[in-house]
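Inspection log for the structure reproduced underneath, given as structure tokens.
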Amino acid sequence: MRKDFLVFGSPLIGEEEIKEVVDSLRSGWIGTGPKVAKFEKMFREYKGVPFAVALNSCTAALHLSLLAIGLKPGDEVITTTMTFCASVNAIIHAKATPVFVDCQRDTMNVDPREIEKNITHKTRAILPVHFAGRPCDMDAIMDIAKKHKLKVIEDCAHAIEAEYKGNKTGTFGDLACFSFYVTKNIITGEGGMVITLHEEYADTIKVLGLHGMSRDAWKRFSDDGYKHYQVVYPGFKYNMMDLQASIGIHQLKKVQANWKKRKAIWSAYNKAFKDMPVETPAPVEGNTKHAFHLYTILVDKEKTGISRDAFLDAMTLENIGVGVHYRSILTHPYYQQTFKLNPEDYPNSYYIGERTVSLPFSAKLTDKDVNDVIEAVRRVLGKG
């Protein structure tokens, strides 16, 4: 057993990030300022899009994206039951109605066939989630959206590096939202980004994300001279700080190197667990690039002799931090009661949500860390 606890999702932070944060502190420019603008520019270039707006979370990004497309009360947005609550809450906060559809059992991504079945005259948008870093079937989703004249907002919280048929995730829909939370592939502590090909959406999100003011706060206090602003909408306090962007600037520079490290860990896990009585992630589809954000196994008591929750407890006793991503949306009391959700209607996400375990999977992991995880899994499952 490990002597020290292996924290799940602990990020890899280098001296470059630390020095950049210190530089921001010494500059006196801590809030929204030039480093946020630099991070936005870098992200635009990385994704090959004309517009990017940095915000304080992916949840904020989702919320403002839904507002930007002009949803009205009673409008419906289709999304998956295999996602984090933020995807759903953003729809609710935009005063629209979430319509839930099941995921595919193998990929854990939303099933396009279920999307088509659930379109009504009230449907206005589709919110697909690229789960665990695996790109959704965007050809099928975009065909459905075009056929029914629907907007598409991609939830790319797990999928910064992912590609589908040579195109980067986030470049298919009308808008796309990214997360830089502390466990993500690029981190700023807290933080998010919206990218889009449409200038009007970017402009709207800029205004909505900073109190509804007509000019960015950092421009008001720049050395170009004070500029008056006008409040044109009762907006939100969703802006990113330079302190956060200071970390993101250097994280983005390392994105490919860190992706390669996680890919190697993915391969090591696959090799180690191929003889174990657990379900491992589906193979990476051809002509795609997996972002390798989560490595999940499914622990079924009938196959392993131990329940998922007992497995979580046992791994913790082994000093290995683990996670659950995620229990299906339909198992949470608020959504279940408010939207009358029945597990039998979403068999795939329910099956996954009651068995899934996320193992430590970070570029920070050493070879010893990875070996400790593998040995702990084998001991807990009686194969040590």
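The values are calculated or read from the model by the stated rules, or taken from the named source; none is laboratory data. Because the structure is a prediction, the values reported are computed rather than measured. Neighbour counts run over all protein chains shown; Cβ positions are idealised from the backbone, glycine included.
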| Matching option when the condition is in a strand (DSSP E or B), closer than 30 Å to residue 293 by Cα and either at pLDDT 95 or above or among the aromatic types (Phe, Trp, Tyr) (or both), among 195, 205 | 195
| message | Exactly one of these conditions fails for residue 234: (1) without any contact (Cβ under 8 Å) to a residue 24 or more places away in the chain; (2) in the same structural domain as residue 130 (by TED's automatic domain parsing); (3) under 25 Å from residue 83 (Cα atoms). Give me its number. | response | (3)
| request: Within the stretch 52-59, identify whether any single residue is in a helix (DSSP H, G or I) and either outside the structural domain of residue 236 (by TED's automatic domain parsing) or buried (at least 22 other Cβ atoms within 10 Å of the Cβ) (or both), and answer yes or no. | output: yes
| Subset of the stretch 129-185 that is part of a helix (DSSP H, G or I), of a type in the set (Gly, Ala, Ser) and touching a residue at least 40 places away in the same chain (Cβ under 8 Å) - its residue that is surrounded by the most Cβ atoms within 10 Å (Cβ to Cβ) | 133
| query | Taking the stretch 330-384, which residues are part of a loop (DSSP other than H, G, I, E, B) and aliphatic (A, V, I, L, M)? | reply | 341, 363, 365, 381
| request: Look at residue 320 and say whether it is in the same structural domain as residue 259 (by TED's automatic domain parsing), surrounded by fewer than 20 Cβ atoms within 10 Å (Cβ to Cβ) and under 26 Å from residue 11 (Cβ atoms). | output: no
| query | Given 328, 349, which one is crowded, with 16+ Cβ neighbours inside 10 Å, among the polar types (S, T, N, Q), touching a Gly at 6+ places or on another chain (Cβ under 7 Å) and more than 30 Å from residue 14 (Cβ to Cβ)? | reply | 328
| said: Whether any residue in the stretch 14-26 is closer than 17 Å to residue 177 by Cα, outside any strand (DSSP E or B) and out of contact with any Gly (no Cβ under 8 Å at 6 or more places or on another chain) is what I want to check. | reply: no
| query | Would you call residue 102 over 22 Å from residue 199 (Cβ atoms), in the same structural domain as residue 69 (by TED's automatic domain parsing) and out of contact with any helix residue (DSSP H, G or I) (no Cβ under 8 Å at 6 or more places or on another chain)? | reply | no
